[in-house]
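Below is one structure, written out as structure tokens; comments come after it.
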Amino acid sequence: MEDAMGMKEASKLQQEIVKAWKQKKRPNCEMKTRTQDKYRQVYSSHQRFELEKEYHFQKYISTARKSELSKTLRLSERQIKIWFQNRRAKERRQRKNQQRGGLPESPQSTPDLEQFVQESAAQELQQQLVKQEERSELSFQYGCIQQL
């Protein structure tokens, strides 16, 4: 009888220890969220935007580009590879739902995001063109000054 009581108390103590351990905040888990027994990376809005922008231009990422993105976004190449895999799966799911005549799966409107990415890419391109024009104008003026 005493052994049974001792076992119950030990079991309760174990459960309390596990509960306390699960509730502890770990300092090395920044930018991560708890999902069941695993941690997953929570991407910043800047990281998500850059990944979406890259995906918009190319659905499959090259090794060289993956390496560049990992450095600029401070993510591992593996995280980027998996993000692209998941994004392609999401797009297939959305296409499948649209073919069935269903509503989009997420509350976010994907066309709005695509439009935003297109507009920002157009703005970047326009800025690059303006810089090129300014450079060519400056070089033209510099050439005229040298001739004098």
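So which residues in the stretch 47-72 are open to solvent by 70 Å² or more (accessible area, probe 1.4 Å) and closer than 21 Å to Ala89 by Cβ, if there are any at all? If the condition is that a residue be open to solvent by 70 Å² or more (accessible area, probe 1.4 Å) and closer than 21 Å to Ala89 by Cβ, then Arg48, Phe57, Gln58, Lys59, Tyr60, Thr63, Arg65 are the ones that fit. Annotation note: Cβ proximity below 9 Å between a residue of the stretch 52-75 that is under 18 Å from Ser120 (Cβ atoms) and a residue that is of a type in the set (Gly, Ala, Ser) and not in a helix (DSSP H, G or I) (sequence gap 6+ or interchain) occurs for Leu73/Ser44. Across the stretch 73-104, the qualifying residues are those that are open to solvent by 100 Å² or more (accessible area, probe 1.4 Å) and either within 18 Å of Gln41 (Cβ to Cβ) or outside any helix (DSSP H, G or I) (or both), and the one among them that is modelled with the lowest pLDDT is Leu103.
The values are calculated or read from the model by the stated rules, or taken from the named source; none is laboratory data. This structure is a prediction, so every number in the text was calculated from the model and none was measured. So basically every Cβ, Gly included, is an ideal-geometry build from the backbone, and we count neighbours across all protein chains shown. Just the protein is used for accessible areas: all its heavy atoms, side chains included, with ligands, DNA and RNA removed. Shrake-Rupley method; radii C 1.70, N 1.55, O 1.52, S 1.80 Å.
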